[in-house]
Amino acid sequence: MTPDMTKHPTVTPFFDDRSNTISYVVQEPDGPTCAVIDAVMDINYAAGALNFDGADAIIAHITENNLTLEWIIETHVHADHLSGAPYIQDKLGGKIGIGAKITEVQDTFGKVFNEGTEFQRDGSQFDALFEDNDTYQIGAMQCFAMHTPGHTPACMVHVMGDAAFVGDTLFMPDGGSARADFPGGDAGELYDSIMRVLALPDAMRLFICHDYGPGGRAIAWETTVAEEREKNIHVGGGKTRDDFIKFRTERDAQLAMPSLIIPALQVNMRAGEIPRDDAGDMALKVPLGKL
């Protein structure tokens with residue numbers, strides 16, 4: 001069965017202004033089944049306090065509309081916010097899925113955070129590991145995952161009917177693309193992944209994971225393949241692979257680390273679970289000089 005990219009799911013966005021993240025509820029056409037994409041759990045890092053307002057808003061939407069949650073999908077291991085996936089799963093069920101290359105991310109950052117042998121590096125914290133072109137169902141709608149490395153080794157774009165959720169592979173046309181200098185990132189791979197996304201049908205709706213309102217414009221999250229191909233400031237209008245690598249490498253060298261990268265990586269490589277110390281209390285490590 002070939003996924004039907006003409007189906008038109010209902011997409012409801014949820015914007016988290018603390019991390020500039022957009023999460024989504026995606027409902028199958030003419031049915032009650034849905035998926036959640038890139039849910040957020042907020043943290044007050046200085047106070048050591050968690051906040052579930054964003055995840056609660058998603059839960060309320062699903063409950064109020066009598067939807068059935070089938071999938072909770074992470075497009076990648078985020079470095080700028082913590083995942084709300086297990087919190088939502090505990091309330092509504094559903095399977096948590098991520099790209100199969102999560103094992104590479106776990107191996108890399110397991111060393112950075114000096115994790116012991118109790119931290120499994122096989123992706124077993126997640127319910128499903130997607131390989132390139134894997135298909136899955138949201139009710140009667142067949143979807144598929146595209147492996148799009150470059151930002152991280154485990155990045156995936158999820159295509160659900162005429163909607164594709166691109167994670168950090170692309171931003172809005174005036175935002176360009178995400179950085180490629182994290183461990184396991186690669187600017188050339190990112191360009192190749194973007195080109196693969198831009199080979200999807202022109203009218204394919206693209207939904208972005210982050211937006212920062214360049215130039216003071218209102219926050220936005222939806223564009224199309226055709227618009228990105230023509231207008232994206234980093235790759236549009238026929239910019240070459242070499243041009244992109246040069247720009248991306250020079251730009252990334254100027255960027256600071258995301259403010260929440262240390263807690264986010266520890267939590268997100270565990271499918272959103274908070275690590276615990278020897279006493280069983282939730283606790284995070286702060287490695288020095290390793291990022």
Subject >> From the options Ala145, Ala203, Ala154, Ala178, residue that is at negative phi and free of Cβ contacts under 8 Å to residues at least 40 places away in the same chain >> reply: Ala178
Subject >> Among (1) within 23 Å of Thr169 (Cβ to Cβ); (2) of a type outside the set (A, V, I, L, M, F, W, C); (3) not in a helix (DSSP H, G or I), the one test that Asp122 misses >> reply: (1)
Subject >> Subset of the stretch 1-24 (residues that are of a type in the set (Val, Ile, Thr), in contact with a helix residue (DSSP H, G or I) (Cβ under 9 Å, 6 or more places away or on another chain) and closer than 25 Å to Pro263 by Cβ) >> reply: Thr21
Original post:
Is there a residue in the stretch 182-192 that is surrounded by fewer than 19 Cβ atoms within 10 Å (Cβ to Cβ), within 17 Å of the chain's Cα centre (by Cα), in contact (Cβ under 8 Å) with a residue 60 or more places away in the chain and outside any helix (DSSP H, G or I)?
Top reply: yes
**OP:** Could you please find all residues in the stretch 28-61 being more than 16 Å from the chain's Cα centre (by Cα), in a strand (DSSP E or B) and crowded, with 20+ Cβ neighbours inside 10 Å?
**Re:** Cys34, Ile43
Original post:
Of all the residues that make up the stretch 1-27, how many are out of contact with any His (no Cβ under 6 Å at 6 or more places or on another chain), in a loop (DSSP other than H, G, I, E, B) and under 17 Å from Asn268 (Cβ atoms)?
Top reply: 1
Subject >> Criterion (out of contact with any Cys (no Cβ under 6 Å at 6 or more places or on another chain), within 19 Å of Pro149 (Cβ to Cβ) and modelled with pLDDT of 95 or more) met by exactly one of Phe126, Phe109 >> reply: Phe126
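The values are calculated or read from the model by the stated rules, or taken from the named source; none is laboratory data. Just so it is clear, the model here is predicted, and its values are computed rather than measured. Quick reminder, even Gly has a Cβ in these numbers, built from the backbone with ideal geometry, and neighbours come from all protein chains shown.
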